[in-house]
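Participant: Provided herewith is a single structure, encoded as structure tokens, for subsequent inquiry.
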Ligand code: ATP
């Protein structure tokens, strides 16, 4: 995100990619304006939240008109730095890591997994989804050469903290952590944690305990 967006609350900032994806679809289908009710229905966020989020961008829709799609698209593209490609490194080419290497992140946003690392000799030197796999011994040198700011962790939990420490030393700024480990990092480093097992457990809990509320959380 660029510096213009620093005053946007974090909860709002987290919804920006969701809004952006939908606005992109609207724009390519030729739609020129959209109401907060339509947006709400499509992205499953309540319309009061959408209006509040959009008020932070200065994108105040007119009553009965809605929001201008082209304006929103250029705003989101600029705010999310979509004009600039962000390179990503993936650490741990197991089942989950392999799936990410085969997934085309460029479809929906401007990030690209440029390089992957593993300790398993049979994987090192191969490529998956055109992404080359290097040995962990080459981590620091390769990251310094390629100037990669973001890493995805799909390694076993036991290796997560020590690898994180190396990534911090190697100047990584953001980590998407798919391991169950809670990572300790300096305050300047941003960690987003996605624990798939916990998410699934939480979904099952909500189904059992709040069966009538289908709004996405
Ligand atoms: P998952 O389904 O969680 O992706 P998996 O069952 O295929 O994983 P894991 O044991 O979780 O395998 O390991 C994931 C990957 O991380 C494997 O390819 C493994 O070789 C690699 N790995 C294990 N330890 C390290 C480490 N210290 N540094 C880098 N890669 C590692």
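The values are calculated or read from the model by the stated rules, or taken from the named source; none is laboratory data. Keep in mind it's a predicted model, so treat the numbers as computed, not measured. Cβ: placed from backbone, ideal geometry, glycine included. Neighbour counts: every protein chain shown.
Participant: May I ask you to say which residue of 191, 185 is away from the ligand (no atom under 15 Å from the Cβ) and within 18 Å of the chain's Cα centre (by Cα)?
Facilitator: Step by step, each of 191, 185 is checked, and only 191 is away from the ligand (no atom under 15 Å from the Cβ) and within 18 Å of the chain's Cα centre (by Cα).
Participant: Given the residues 96, 114, 90, which is the only one that is more than 16 Å from the ligand (Cβ to nearest atom), surrounded by 15 or more Cβ atoms within 10 Å (Cβ to Cβ), modelled with pLDDT of 90 or more and in the same structural domain as residue 141 (by the TED database)?
Facilitator: Step by step, each of 96, 114, 90 is checked, and only 114 is more than 16 Å from the ligand (Cβ to nearest atom), surrounded by 15 or more Cβ atoms within 10 Å (Cβ to Cβ), modelled with pLDDT of 90 or more and in the same structural domain as residue 141 (by the TED database).
Participant: Of the residues that sit in the stretch 168-181 and are more than 11 Å from the ligand (Cβ to nearest atom) and more than 19 Å from residue 14 (Cβ to Cβ), which one is surrounded by the most Cβ atoms within 10 Å (Cβ to Cβ)?
Facilitator: Per the stated criteria, the residue is 172.
Participant: Counting only residues that are farther than 18 Å from residue 125 by Cα and surrounded by fewer than 16 Cβ atoms within 10 Å (Cβ to Cβ), how many does the stretch 137-165 have?
Facilitator: Looking only at that region, the number is 9.
Participant: Let me spell it out: the conditions are (1) farther than 23 Å from residue 102 by Cα; (2) out of contact with any helix residue (DSSP H, G or I) (no Cβ under 6 Å at 6 or more places or on another chain), and residue 183 meets all of them except one. Which number is the exception?
Facilitator: (2)
Participant: Which ones in the stretch 139-166 are touching a residue at least 60 places away in the same chain (Cβ under 8 Å) and more than 15 Å from the ligand (Cβ to nearest atom)?
Facilitator: Result: 147, 148, 149, 150.
Participant: Right, residue 172: touching a strand residue (DSSP E or B) at 6+ places or on another chain (Cβ under 6 Å) and modelled with pLDDT of 95 or more or not?
Facilitator: yes
Participant: Kindly provide the set of residues from the stretch 190-217 that are at pLDDT below 90 and under 30 Å from residue 149 (Cα atoms), ordered by number.
Facilitator: 217
Participant: What are the residue pairs meeting all of these: first residue in the stretch 66-86, first residue without any contact (Cβ under 8 Å) to a residue 24 or more places away in the chain, second residue surrounded by fewer than 17 Cβ atoms within 10 Å (Cβ to Cβ), Cβ atoms under 9 Å, and 6 or more apart or on different chains?
Facilitator: Cβ pairs passing all conditions: 71/59; 75/58; 75/59.
Participant: If you go through the stretch 143-160 one residue at a time, do you hit one that is within 30 Å of residue 42 (Cβ to Cβ) and in contact with a helix residue (DSSP H, G or I) (Cβ under 8 Å, 6 or more places away or on another chain)?
Facilitator: yes
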